[in-house]
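First the structure, in the form of structure tokens, and then the observations on it.
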């Protein structure tokens, strides 16, 4: 089994999906890293969910979201010149159904009568605070994603839509757990 410590990044570079080397602070790597942080923040929020049917339901939804984030990161981790190759690959990709899943969850949460009167002050509960952290990380990831086209890396609209809806979902989950 190969070691996780390849030492290929010791000089400050890393590989994109199909082997192209870029600096570790390359905009695509920054975006992938922000989405990786988002998945970790969601994991922390998941670990604080209350037991019971609703907790299990939200846990399952967020686990699916984390798998979607892996797909999103994979797509971002290839060079612009490899986009067509990635699109034809066996790698999972975000699909319209993934966006629909978030839209349905948003509608269901809003139907519960959750109110949003201005800014929330995070910290009402531990779980809501974790959802707020995840939401702010989602917004940072969204900013990194949005900056890529200006830098020459196209982004499918579904990716932007997904992260925008996800941050809304995390905000509503914070309100629900309060």
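What's the exposure ranking of 135, 160, 101, going from fewest to most Cβ atoms within 10 Å?
160, 101, 135
Packing-wise, with mean Cβ within 10 Å as the measure, how do 88-94, 23-29 rank, highest first?
The peptides rank, most packed first, as 23-29, 88-94.
Using helices alone, I'd like the mean residue ellipticity at 222 nm for the chain: each DSSP H run of four-plus residues gives -39500 (n - 2.57), total over residue count, nearest 500.
After summing the helix terms and dividing by the residues of the chain, the value is -21000 deg cm²/dmol.
If I take every Cα pair under 8 Å that is 6 or more residues apart in the chain, average their sequence separation and divide by the length, what percent do I get for the relative contact order?
28
Is the stretch 74-136 best put as rounded, prolate or oblate by its Cα gyration tensor, with a ≥ b ≥ c the root eigenvalues, rounded for a/c under 1.5, and otherwise prolate when a/b is larger than b/c, oblate when not?
Taking the square roots of the gyration eigenvalues as a ≥ b ≥ c, the stretch 74-136 is prolate.
Would you order 171, 119 from fewest to most other beta-carbon atoms within 10 Å of each residue's own beta-carbon?
119, 171
So how tilted is helix 53-76 from the main axis of the chain? Cα-based, degrees 0 to 90, rounded to 10.
In the chain, helix 53-76 runs at an angle near 20 degrees to the longest axis.
List 86, 18 from most exposed to least, where exposure is judged by having the fewest other Cβ atoms within 10 Å.
Final ranking by Cβ density, sparse to dense: 18, 86.
Work out, in µm²/s and without decimals, the Stokes-Einstein translational diffusion coefficient of the stretch 74-178 at 37 °C, 0.692 mPa s, Rh from Kirkwood over C-alpha pairs.
This corresponds to a translational diffusion coefficient of 214 µm²/s.
With angles folded into 0 to 90 degrees, how steeply does helix 157-177 sit against the dominant principal axis of the chain? Use alpha carbons for both and round to 10.
30
For helix 96-111, what angle does its Cα long axis make with the longest principal axis of the chain, in degrees from 0 to 90 and rounded to 10?
Computed tilt is about 20 degrees.
Readers should treat all values here as calculations from the given coordinates under stated rules, not as data from a laboratory. Nothing here was measured: the structure is a model prediction, and the numbers come from that model. Every residue, glycine among them, receives a Cβ derived from its backbone with ideal geometry; neighbour counts consider all protein chains shown.
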